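Here the structure comes first, spelled out in structure tokens, and everything after it is commentary.
The values are calculated or read from the model by the stated rules, or taken from the named source; none is laboratory data. Bear in mind the structure is a predicted one, so any value in this text is a computation, not a measurement. All Cβ positions, glycine included, derive from the backbone under ideal geometry; neighbour counts span all protein chains shown.
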Amino acid sequence: MSFEQKYHPTKLCEVVYPDAHSLRIIQGYESAKQDRNLLLHGGWGSGKTTLAKLIPPAFDINFPASPLISNGYLDVMFIAGGSTDRSNVGVKKIKDRTGNICLNGSDKFYVIIDEADMLSAQYQGALKSLMTERPHVLFILTTNYIDKIDLGIRSRCEKVHLDPAPAERWMDKARLILSQEKVIITDQNLLALLEAYKGDNRDILGGLEETVLQKKVLIGTKGGPSHVVV
């Protein structure tokens with residue numbers, strides 16, 4: 001299993017945030033004190049899509065589960081990048097889906113639109129109206145290009161700028177990963193490694209995996225160390 005899969009965040013506390021401000025905003029959703037529509041914007045590899053997917057379960061857990069559902073079911077509509085649902089047909093699907101009885105504990109539907117900058121101007125206009133008409137829907141949008149998002153949509157959303165996290169903010173998670181892999185890297189070398197990948201989540205996990213694979217060959221060999229120190 002690759003490190004991108006093995007150490008992929010499964011809850012909000014495992015996400016590496018670029019700064020304290022973005023963390024505070026997301027904590028508002030985690031505690032359900034904030035329920036404005038959310039627009040996550042920033043460069044590639046900053047974890048926008050992952051974060052978008054983690055917010056609905058974190059938000060909904062603050063409410064009693066519906067007695068009509070079981071096994072932790074959560075109604076989340078995800079519209080992926082490049083999907084045909086980016087056409088006007090997609091707006092109708094959102095209307096149909098969110099016009100039914102909501103079974104989520106929060107009584108809110110969750111609609112995630114990934115790479116929302118790919119939406120047509122007509123779609124964005126319809127979506128803007130839908131945001132006003134459906135206050136019981138929490139829309140979570142991601143984009144690499146916030147300037148391509150309709151101004152009306154932007155004004156209806158809490159905006160979080162997710163720049164790639166600085167190397168210093170990755171240090172704790174990187175140390176934890178290396179500890180679990182039984183590889184020790186000096187802070188100086190680890191910081192240099194993280195800085196080389198400029199905050200790209202996938203590249204950082206890939207770099208850590210490559211380092212571990214290179215060094216772990218010494219572990220378990222006869223007379224070899226139980227940990228590798230770099």
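Does LEU40 meet the test of being in the same structural domain as ARG156 (by TED's automatic domain parsing), in contact with a His (Cβ under 9 Å, 6 or more places away or on another chain) and at pLDDT 85 or above?
Values: in the same structural domain as ARG156 (by TED's automatic domain parsing): yes; in contact with a His (Cβ under 9 Å, 6 or more places away or on another chain): yes; at pLDDT 85 or above: yes.
In short, yes.
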Which of the residues spanning region 28-48 are hydroxyl-bearing (Ser, Thr, Tyr), surrounded by 17 or more Cβ atoms within 10 Å (Cβ to Cβ) and more than 24 Å from GLU133 (Cβ to Cβ)? SER46
Of the residues that sit in region 165-199 and are surrounded by fewer than 19 Cβ atoms within 10 Å (Cβ to Cβ) and among the small types (Gly, Ala, Ser), which one is farthest from GLY45 (Cα to Cα)? SER179
Those residues of region 146-175 which are modelled with pLDDT of 95 or more and part of a loop (DSSP other than H, G, I, E, B) amount to ILE149, ASP150, ARG156
Is it the case, given these coordinates, that ARG202 is assigned to a helix (DSSP H, G or I), modelled with pLDDT under 95 and of a type in the set (Lys, Arg)? yes
Does LYS159 satisfy the criteria of being without any contact (Cβ under 8 Å) to a residue 60 or more places away in the chain, surrounded by fewer than 18 Cβ atoms within 10 Å (Cβ to Cβ) and touching a helix residue (DSSP H, G or I) at 6+ places or on another chain (Cβ under 9 Å)? no
Unmet criterion (only one of (1) under 26 Å from ASP147 (Cβ atoms); (2) surrounded by fewer than 17 Cβ atoms within 10 Å (Cβ to Cβ); (3) of a type in the set (Val, Ile, Thr)) for ILE55: (2)
Within region 102-110, is even one residue of a type outside the set (Gly, Ala, Ser), under 30 Å from GLY199 (Cβ atoms) and exposed (fewer than 14 other Cβ atoms within 10 Å of the Cβ)? no
Among the residues of region 21-44, write down those that are touching a helix residue (DSSP H, G or I) at 6+ places or on another chain (Cβ under 8 Å) and among the small types (Gly, Ala, Ser). ALA32, GLY42
Within region 88-108, identify whether any single residue is assigned by TED's automatic domain parsing to the domain that holds ASP35, farther than 13 Å from LEU39 by Cα and under 19 Å from the mean Cα position of the chain (by Cα), and answer yes or no. no
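For region 109-123, name all the residues that are part of a helix (DSSP H, G or I) and more than 23 Å from GLN34 (Cβ to Cβ). Let's see the steps before the verdict.
Kept after step one, since they are part of a helix (DSSP H, G or I), are these residues of region 109-123: 116-118, 121-123.
Within region 109-123, ASP117, MET118, ALA121, GLN122, TYR123 qualify.
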So, restricting to helices (runs of 4 or more DSSP H) that lie completely within region 1-77, which ones have at least 3 residues that are in contact (Cβ under 8 Å) with a residue 60 or more places away in the chain and under 12 Å from the mean Cα position of the chain (by Cα)? 48-60
Matching residues in region 120-147 - criterion: being over 21 Å from ASP96 (Cα atoms) and either surrounded by 15 or more Cβ atoms within 10 Å (Cβ to Cβ) or in contact with a Ser or Thr (Cβ under 7 Å, 6 or more places away or on another chain) (or both): THR142, THR143, ASN144, ILE146
